[in-house]
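Visitor: The following block contains the structure, expressed as structure tokens.
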Amino acid sequence: MHGSTRSPIAGSSSHLHTPPMSTVTLAQARLAKAQVASAFRSIGTVVGVGITQVGEDFAVKVNLLEAPAPDRALPTTLGGVPVRVEVVGPLRKR
């Protein structure tokens, strides 16, 4: 996407070193989705919550309207399921 305003949140990028985790199944990610959505509503405006694949594991992906305060700690896992965060801005019709 040219000119995209999307950006990963610091600390949520897959290129950062993370300790090895046990395999997270699609079913586990689906079960964690509501808990993740609830946790992030107190952090910022959530415009979407979905499931993504990270390596061979599944993770919950949270799309935020804008970046939270730089000093705000973001969960990187909830219930043993990895969480990925991306600032996507406002959603628009195509």
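Visitor: So Lys33 passes all but one of these: (1) in a loop (DSSP other than H, G, I, E, B); (2) within 12 Å of the chain's Cα centre (by Cα). Which condition number does it fail?
Guide: (1)
Visitor: Still on this structure, please answer the following. Every residue in segment 79-94 that is over 11 Å from Phe40 (Cα atoms) and in a strand (DSSP E or B), please.
Guide: Within segment 79-94, Val81, Pro82, Arg84, Glu86, Val87 qualify.
Visitor: Criterion first (within 12 Å of the chain's Cα centre (by Cα), modelled with pLDDT under 60 and outside any strand (DSSP E or B)) does Ala10 satisfy it?
Guide: Taking the combined requirement at face value, the residue satisfies it.
Visitor: Between residues in segment 49-62 that are closer than 11 Å to Pro82 by Cα and without any contact (Cβ under 8 Å) to a residue 60 or more places away in the chain and residues that are of a type in the set (Lys, Arg) and surrounded by fewer than 15 Cβ atoms within 10 Å (Cβ to Cβ), which pairs lie under 8 Å by C-beta distance while being six or more apart or on different chains?
Guide: Ile51/Arg30
The values are calculated or read from the model by the stated rules, or taken from the named source; none is laboratory data. Note that this is a predicted model, so its numbers are computed, not measured. Neighbour counts run over all protein chains shown; Cβ positions are idealised from the backbone, glycine included.
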